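Undergrad: The structure follows.
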Amino acid sequence: MTDLDRATLLDGLLRYVREELATGVPDGRLTADSPLLELGVLDSVRTARLLAHIRTAYGVRVPPVHMTGEHFRTLETITELVLLLRSRTASL
């Protein structure tokens, strides 16, 4: 994906998390600003799956320094992180 806008990225991440990771969480409860760790959506295995999806679908590798609760708090914060990392890669 060469030109990825924020809304498209957020929608794609939300869809992936709802379909693949958020088993047992009603769709209406999982929104872009839902606390993923508090809801139990992300744990170590699901976070690894999400990282693999981000790498495959969006061409972004998340360095260990960015794998923090702050960056993975919500889908909004994950979206911001992916956009930041894409912009850094594009400027190299």
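The values are calculated or read from the model by the stated rules, or taken from the named source; none is laboratory data. Keep in mind that what you see is a predicted model, and the values were worked out from it rather than measured. So basically every Cβ, Gly included, is an ideal-geometry build from the backbone, and we count neighbours across all protein chains shown.
Undergrad: Hey, among the residues in region 21-51 that are within 12 Å of the chain's Cα centre (by Cα) and over 15 Å from Thr77 (Cα atoms), which one's surrounded by the most Cβ atoms within 10 Å (Cβ to Cβ)?
TA: Leu21
Undergrad: Can you name the number of the only condition in (1) surrounded by 11 or more Cβ atoms within 10 Å (Cβ to Cβ); (2) modelled with pLDDT under 95; (3) part of a helix (DSSP H, G or I) that Leu4 fails?
TA: Of (1) surrounded by 11 or more Cβ atoms within 10 Å (Cβ to Cβ); (2) modelled with pLDDT under 95; (3) part of a helix (DSSP H, G or I), only one is false for Leu4: (3).
Undergrad: Also, quick follow-up: Go through region 16-45 and report how many residues are polar (S, T, N, Q) and not in a loop (DSSP other than H, G, I, E, B). If you could, list the steps in order and put the result at the bottom.
TA: Just the residues of region 16-45 that are polar (S, T, N, Q), to begin with: 23, 31, 34, 44.
With the extra rule that they be not in a loop (DSSP other than H, G, I, E, B), the set shrinks to 44.
Total meeting the criteria: 1.
Undergrad: Could you list, ordered by first residue, the pairs with Cβ atoms under 7 Å in which the first is in region 51-76 and within 17 Å of Arg6 (Cα to Cα) and modelled with pLDDT of 95 or more and the second is small (Gly, Ala, Ser) and surrounded by 17 or more Cβ atoms within 10 Å (Cβ to Cβ), at least 6 apart or interchain?
TA: Here the result reads Ala57/Gly12; Thr74/Ser34, each pair linking region 51-76 to a residue that is small (Gly, Ala, Ser) and surrounded by 17 or more Cβ atoms within 10 Å (Cβ to Cβ).
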